[in-house]
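The values are calculated or read from the model by the stated rules, or taken from the named source; none is laboratory data. These numbers come from a predicted model, not from an experiment. Don't worry about glycine lacking a Cβ; one is built from the backbone with ideal geometry, like all the others, and counts go over all protein chains shown.
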Amino acid sequence: MYNAHLSKVLRKALMVVMTGALLLPLAGCYDYTEPDERAWVMAIGVDKGRQNVLTVTSVVAVPKAIAGGGGQSGSEGGSGQGGFFTITFDVPTLLSTLELINTVVDRRVSLSHTKWFVFSRELAEEGIGAYVAPLVRFQQFRRSSQLLICEGRAEDFLTKGVPQLEDNVGKYYELMQQGWRYTEFIPFDSFHQFYYKSENPGVNPVAPLAARGAKETIYTDNSFKPKGYYQAGRIPRKGGSEIEIMGGAVFKKDRMVGTLNGDQVGVQKIFFGAMKRTLLNVPDPYHPDKYIIVDVLPRQKPRVDINITGGRPKITANVKLEGQILSIQSGENYERPDRLYIVEDAVQELIFEDINDTIAKSKQLDADFLGFGLHAQKLFPTWPQWSAYNWEEKYKDADITVNVDYKVRRTGLVHEMVQLR
């Protein structure tokens, strides 16, 4: 009896061992590739094609140059001398590039570390849905990457956009992508958020607007222009990288319908709770040729209330901000508690004007990029009812009221202003 039971156990154990031996090859890494046998594409640019449907430019990292930390960080024309090289193909579809690159590059190409997908404005105004949708489905694609719209051709933008501080071009793109955290002028949406908003009837997406810096003089006078007045490609500057990112490209579905300047992007970020901090140059109420410089931080996320009466939306937005006085050019003593309201009122008026200007822009473009529809959809119990309401058509007739409340919390490191002698 004992021997029969032992024999049965041994047979089962032998079957387990043999099954494992048969399945082991199936679990092997037959398609595994060593990291040093990969070609990592850091950025992809897409233009209307010259010899085929699309012209696709790929920025490929050179790991040896990055690890060594030496040499120039790329070069014009992508000759491969430095941390990256560029290669351009005319192709029928965007993903066709992956296979064609392997006809001239000695390593297996991968998009798993791609930071930027750059589309030319010319292509974006015709619609990019046919190119974005396949990327979202592709296994190597990361939705945390950034979608940018560039003035001019994406090919030139990537080929000549040489990093100044980084040998690692991937790190350069990543740090530029994070610029929205430090300035109000760069939209905050990742590729995933852009795709989500393009599919949601209650909001329109905004992509960062990029360009190569202008070589010629753009503005012919030195009159005052708010710092958020500019867009990429029209920033008056000399030196630095070829690449500028400022302002936004507004989309309806998959088609670009207009642009925003830096201030308008800042307002959009306020309504989404993505604005961290900004500096504001406020005209001095008592000295029109001087400015009070304050910083502005969100006190809480804006409250948006929506009522629908007779099919028409009525929107009330309450924006609460705070900050401190950084500079008073006129030397006027606004630090006294009984005079702080002068600064607060001046800041509120300026922000109120920026918000109303941005709302007017959204109605002009017939695009709710401020996301009011995300609040309106809560009024509908089911998705079919929300879709049937057709927010895109109703938004242009919406009655929008904005209230701005700014409080000075600190007056900086000076307790009391003393006139210079």
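Each row is one residue, and each column tells you yes or no for (1) under 24 Å from the mean Cα position of the chain (by Cα); (2) not assigned by TED's automatic domain parsing to the domain that holds residue 157.
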site: 242; (1), (2): yes, no
site: 250; (1), (2): yes, no
site: 255; (1), (2): yes, no
site: 270; (1), (2): yes, yes
site: 294; (1), (2): no, yes
site: 307; (1), (2): no, yes
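Condition first: surrounded by fewer than 21 Cβ atoms within 10 Å (Cβ to Cβ) and touching a residue at least 24 places away in the same chain (Cβ under 8 Å). Can you find one or more residues in segment 263-270 that meet it?
Scanning segment 263-270 turns up no residue that is surrounded by fewer than 21 Cβ atoms within 10 Å (Cβ to Cβ) and touching a residue at least 24 places away in the same chain (Cβ under 8 Å).
Determine the pairs where a residue that is closer than 15 Å to residue 265 by Cα, located within segment 187-199, has a partner that is crowded, with 20+ Cβ neighbours inside 10 Å and β-branched (Val, Ile, Thr) with Cβ atoms under 7 Å apart, the partner being 6 or more residues away or on another chain.
Taking only residues 6 or more apart or on different chains, the pairs are 187/206; 187/265; 189/206.
Might you check whether a residue that is more than 30 Å from residue 191 (Cβ to Cβ) and either at pLDDT below 95 or exposed (fewer than 14 other Cβ atoms within 10 Å of the Cβ) (or both) occurs anywhere in segment 241-252?
no
Has segment 115-126 got at least one residue that is among the charged types (D, E, K, R) and in contact with a Ser or Thr (Cβ under 7 Å, 6 or more places away or on another chain)?
Checking segment 115-126: at least one residue is among the charged types (D, E, K, R) and in contact with a Ser or Thr (Cβ under 7 Å, 6 or more places away or on another chain).
Per-residue answers, yes or no, for (1) under 30 Å from residue 378 (Cβ atoms); (2) among the hydrophobic types (A, V, I, L, M, F, W, C); (3) in contact (Cβ under 8 Å) with a residue 60 or more places away in the chain:
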{"residue": "201", "(1), (2), (3)": "yes, no, yes"}
{"residue": "206", "(1), (2), (3)": "yes, yes, yes"}
{"residue": "214", "(1), (2), (3)": "no, yes, no"}
{"residue": "219", "(1), (2), (3)": "no, no, no"}
{"residue": "231", "(1), (2), (3)": "no, no, no"}
{"residue": "236", "(1), (2), (3)": "no, no, no"}
{"residue": "239", "(1), (2), (3)": "no, no, no"}
{"residue": "246", "(1), (2), (3)": "no, yes, yes"}
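Would it be correct to say that residue 77 is outside the structural domain of residue 168 (by TED's automatic domain parsing) and either at pLDDT below 65 or at positive phi (or both)?
No.
What residue, of 204, 222, is at pLDDT 90 or above, part of a loop (DSSP other than H, G, I, E, B) and not assigned by TED's automatic domain parsing to the domain that holds residue 304?
Going through 204, 222 in turn, the sole match is 204.
Please work out which residue is farthest from residue 180 (Cα to Cα), limiting yourself to segment 267-313 and to residues that are in a strand (DSSP E or B) and polar (S, T, N, Q).
309
Report the residue count in segment 378-390 for those that are in a helix (DSSP H, G or I) and over 17 Å from residue 316 (Cβ atoms).
Selection size over segment 378-390: 7.
Does residue 362 qualify as being small (Gly, Ala, Ser), outside any loop (DSSP other than H, G, I, E, B) and surrounded by fewer than 15 Cβ atoms within 10 Å (Cβ to Cβ)?
Answer is no for this residue.
Sort out which residues of segment 314-343 are more than 31 Å from the chain's Cα centre (by Cα) and either of a type in the set (D, E, K, R) or in a loop (DSSP other than H, G, I, E, B) (or both), and write them in order of number.
Once the filter is applied, which keeps residues that are more than 31 Å from the chain's Cα centre (by Cα) and either of a type in the set (D, E, K, R) or in a loop (DSSP other than H, G, I, E, B) (or both), segment 314-343 yields 329, 330, 331, 332, 333, 334, 335, 336, 337, 338, 339.
Of everything in segment 151-204, what is closer than 24 Å to residue 227 by Cα and polar (S, T, N, Q)? Give them in sequence order.
Result: 164, 177, 178, 183.
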